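Colleague: Right, I'll just put the structure down here and ask away after.
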Amino acid sequence: MKKIKPKHIAPSHQYPSLFRRLGAWFYDMLIIVAILMVAGALAMAIVAALLHIGVLTLGNYQDASDYLMSAPTASMLYSAYLAMIIIGFYSYFWTQAGQTLGMRAWKLKLQNQDGSHIKITQALIRIATSAFGLGNLLAFNSQRRSMQDIMAECEMIVTDNVK
């Protein structure tokens with residue numbers, strides 16, 4: 001007797017509410033602020049060391065902080081450095097585990113529709129289209145997909161049911 005194999009049934013996912021998304025976003029913002037404080041201190045230490053050994057001069061700037069924030073080239077490099085840290089934070093966690101620390105605390109996971117981790121290009125698209133988290137406000141469709149989820153072709157699910 002031949003057994004009939006059941007057709008593959010896609011797992012039903014629970015999609016996160018706006019409140020849950022914003023909770024994870026806020027949690028991640030606290031972590032990022034702490035990381036940026038450490039990164040800023042490191043940048044200040046590097047500038048102070050370069051000033052001490054004579055590679056840099058302050059010129060008309062009051063101190064290392066004023067130099068990093070006001071000197072055209074230094075402020076551009078400093079801003080790019082901090083932006084790369086933020087991009088690196090999200091890209092690393094989303095591509096490696098599908099979750100940032102805030103998403104883990106709020107039991108959220110970012111994935112492709114087949115359940116696989118997103119790729120680095122998807123992470124970069126998601127970051128570029130997130131509008132600093134405001135893209136979450138558009139998550140009112142049937143799967144509660146935000147603007148960045150739609151643009152990066154991924155989905156965010158609640159991990160309460162995921163094993």
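The values are calculated or read from the model by the stated rules, or taken from the named source; none is laboratory data. Computed from a predicted model, the values in this text were never measured in an experiment. Positions of Cβ are generated from backbone atoms using ideal geometry, with glycine treated the same way; all protein chains shown enter the neighbour counts. Only protein heavy atoms, including side chains, enter the accessible area calculation; ligands, DNA and RNA are left aside. Shrake-Rupley method; radii C 1.70, N 1.55, O 1.52, S 1.80 Å.
Colleague: Would you check if Gly98 is surrounded by fewer than 16 Cβ atoms within 10 Å (Cβ to Cβ), of a type outside the set (S, T, N, Q) and on the phi > 0 side of the Ramachandran plot?
Modeller: No; evaluated as a whole, the condition is false for this residue.
Colleague: Of the residues that make up region 27-42, is at least one in contact with a helix residue (DSSP H, G or I) (Cβ under 7 Å, 6 or more places away or on another chain) and open to solvent by 60 Å² or more (accessible area, probe 1.4 Å)?
Modeller: Yes: region 27-42 contains one or more residues that are in contact with a helix residue (DSSP H, G or I) (Cβ under 7 Å, 6 or more places away or on another chain) and open to solvent by 60 Å² or more (accessible area, probe 1.4 Å).
Colleague: Can you give me the number of residues within region 102-123 that are assigned to a helix (DSSP H, G or I), out of contact with any Phe, Trp or Tyr (no Cβ under 7 Å at 6 or more places or on another chain) and open to solvent by less than 80 Å² (accessible area, probe 1.4 Å)?
Modeller: Total meeting the criteria: 2.
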